[in-house]
Amino acid sequence: MLLHFAPNSRAGRIVWLLEELGLDYEINKMAFHPKDLKSDEHRARHPLGRIPVLDDGDVRIWESGAIVEYVMARYGDGGLKPPVDSPMFPEYLQWFHYCEGMVMPPINTIMVNTVLLPPERRNEEALGQAQRLLARAVAPVDEALEGREYLIGDFSAADIMLGHSLFMSNRLGQVSDELKNLKAYIGRIEKRPAFQKAITMQ
């Protein structure tokens, strides 16, 4: 498998997953910059010049959630998710998709208006709205983690998807110290060797 990767992106989720599963892979590391991502070479991999992109033999797939599901279905041997007849399966699906539905949209806006755009082009109103949306989005996760180490109890791919987004939220200073369950959860994630390997590539 060859993972097309850029630092500080959703591609970190895929490295984390591959490390958790102990799979062999190679990295094509690119700069998080248009000169790499919008190049003709990379647009041939992804029509919008985004990452991650995974090449696995004759298969090419993009969208981080789709890549996670593909890798788990093909190589996961039933691990990192509950069986479909488990009472935890619906909640697993909920948190797996919650990251892209509720958490990443405001993170994207925060990143644009604090890191990616030059100061004169940043929109303080959009930034404030995104910060408020993100605060509301992470609060239910803090509640769900009460008495649990991970989102559904045992570590799962939902933690790779949503946990990575929550780590990014925290790194952007957007997780209040009052959210003690969430802070502790992020701390547990940061101690996982597979996560540490993924983050050292950032």
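Details
- Scan of the stretch 18-37 for residues that are over 18 Å from Arg60 (Cα atoms) and surrounded by 12 or more Cβ atoms within 10 Å (Cβ to Cβ), ordered by number: Glu19, Glu20, Leu21, Phe32, Asp36
- If you go through the stretch 144-194 and keep only what is aliphatic (A, V, I, L, M), more than 18 Å from Ser9 (Cβ to Cβ) and assigned to a loop (DSSP other than H, G, I, E, B), you end up with Leu145, Leu151, Val175, Leu179.
- Among the residues making up the stretch 25-80, those that are without any contact (Cβ under 8 Å) to a residue 40 or more places away in the chain, part of a helix (DSSP H, G or I) and closer than 11 Å to His4 by Cβ are Asp36, Leu37, Glu41, His42.
Since every read-out is calculated from the coordinates, none of them should be taken as a lab result. Every value quoted in this text rests on a predicted model; they were computed, and no experiment measured them. We place every Cβ from the backbone using ideal geometry, glycine too, and count neighbours over all the protein chains shown.
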